[in-house]
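What follows draws every value from the coordinates through simple rules; no lab data is involved. Just so it is clear, the structure is predicted and the values come from calculations on it, not from any experiment. Because the Cβ atoms are built from the backbone with ideal geometry, glycine has one as well, and the counts that use them run over all protein chains shown.
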Amino acid sequence: MKICVLPGDGIGPEITREAVRVLQALVPQAEVEEALLGGIAVDTTGSPYPDATRALARAADAVLLGAVGGPKWDNLPREQRPERGLLGIRQDLGLFANLRPAILYKELANASSLKPELVAGLDILIVRELTGDIYFGQPRGVEMRDGQRFGFNTMHYNEGEIRRIGRVAFEAARKRGKRLCSVDKMNVLETTQLWRDVMNELAPEYPDVTLSHMLVDNCAMQLVREPRQFDVIVTGNLFGDILSDEAAMLTGSIGMLPSASLDERNKGLFEPSHGSAPDIAGKNVANPLATILSVAMMLRYTFNLETEAARIEAAVQKVLAQGLRTADIAEGGTRTIGTTEMGDAVLAAL
Ligand code: NAD
């Protein structure tokens with residue numbers, strides 16, 4: 001088990017340290033090697049995704065990432081920005097499927113901005129296509145046309161790209177509540193009409209899964225109106241970017257949410273859903289649980305170690321039940337602890 005660890009920027013090093021401790025306690029045979037990605041990589045090598053990182057990431061079975069970015073690098077030329085490192089590694093490793101669970105632990109039901117009775121027990125999985133769509137489409141740019149600046153981007157998907165993300169989503173739904181909702185904007189965008197057609201063509205291969213469709217604007221509303229109607233949602237890169245953040249916020253804490261990005265052979269990059277939180281970096285207050293839960297996803301999806309994955313999730317649940325919280329999820333009657341103490345608590349619960 002070769003695991004490439006990319007701590008990145010901001011709180012990245014603090015939270016990945018705790019996640020690696022949990023990983024090594026549970027799976028001592030895991031070989032862990034660190035490399036640079038993001039702003040720290042720009043500072044050290046001039047590139048947000050240096051060759052040495054590329055080589056290590058390609059050779060690894062899985063990658064664990066903290067987060068990248070921060071105000072220090074916001075004014076660099078676009079190709080040197082930390083986010084380029086993230087897009088670069090996703091593309092380089094062919095990570096086309098992003099899995100983001102939005103789970104609301106009952107101990108944290110009050111953290112949601114929605115009424116607890118609407119969200120208690122929430123368990124949604126958003127499957128987002130990650131390597132296509134308007135984020136990568138050519139042509140793109142800003143140029144002078146008719147004497148004024150003109151900006152343009154191109155949305156496109158071919159049916160093969162839609163089919164492979166569709167299969168990931170159907171398979172995921174099969175392992176859960178067996179309901180899949182495909183989200184598009186077929187009333188306006190031809191690309192997403194093709195998306196809907198291909199999803200319908202796949203459906204007969206998965207007779208045990210119920211497929212439904214929803215327009216993206218309606219989905220954005222339904223997620224705050226009645227979020228528990230969803231089991232698995234599958235959508236393209238642009239819509240998925242927005243809807244997965246919306247679903248994350250239903251749970252009240254971005255510090256709790258892991259994510260997985262997989263290639264066609266389930267090699268993956270695992271990372272928390274949040275960013276590098278520069279406002280709290282280096283203060284030992286960041287919540288490491290999203291990164292620790294990302295290790296659980298790694299064990300489940302890449303290494304097929306379901307028992308170990310479930311043990312980590314149970315340990316996190318136990319720590320919450322003990323009333324231990326980092327500052328971002330603290331409330332009356334709980335005890336606020338720091339990043340390393342939270343790591344200690346999870347290890348003790350394991
Ligand atoms: P953010 O997720 O970093 O922070 C948003 C808010 O949530 C902040 O108040 C932060 O303190 C808090 N927060 C986030 N994670 C937390 C944790 N684990 N524990 C406690 N509190 C936490 O989003 P942002 O402020 O929009 O972005 C900051 C930087 O992160 C930017 O440079 C952005 O580009 C980058 N970013 C990186 C990724 C990634 O690496 N995948 C994703 C999103 C944003």
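In table form, for the structure just shown:
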item: Members of the stretch 311-350 found to be farther than 20 Å from L104 by Cβ, among the basic types (K, R) and crowded, with 16+ Cβ neighbours inside 10 Å, listed by number; result: R311
item: Checklist (1) farther than 13 Å from L269 by Cβ; (2) within 13 Å of the ligand (Cβ to nearest atom) applied to V63, failing item; result: (1)
item: Selection within the stretch 255-288 - in contact with an Asp or Glu (Cβ under 7 Å, 6 or more places away or on another chain), among the small types (G, A, S) and more than 7 Å from the ligand (Cβ to nearest atom); result: S259
item: Subset of the stretch 54-72 (residues that are buried (at least 20 other Cβ atoms within 10 Å of the Cβ) and out of contact with any strand residue (DSSP E or B) (no Cβ under 7 Å at 6 or more places or on another chain)); result: G69, G70
item: Members of the stretch 125-160 that are outside any loop (DSSP other than H, G, I, E, B) and closer than 29 Å to T251 by Cβ; result: L125, I126, V127, R128, E129, D133, I134, Y135
item: Every residue from the stretch 117-149 that is hydrophobic (A, V, I, L, M, F, W, C) and over 16 Å from the mean Cα position of the chain (by Cα); result: L118, V119, A120, L122, I134, F136, V142, M144
item: Residue count for the stretch 100-124, restricted to those that are assigned to a strand (DSSP E or B), buried (at least 23 other Cβ atoms within 10 Å of the Cβ) and of a type in the set (A, V, I, L, M); result: 2
item: Within the stretch 239-272, tally of residues that are under 21 Å from F136 (Cα atoms) and either touching a Gly at 6+ places or on another chain (Cβ under 9 Å) or surrounded by fewer than 19 Cβ atoms within 10 Å (Cβ to Cβ) (or both); result: 8
item: Candidates R145, R140, R174 - the one that is within 23 Å of P101 (Cβ to Cβ) and not β-branched (V, I, T); result: R174
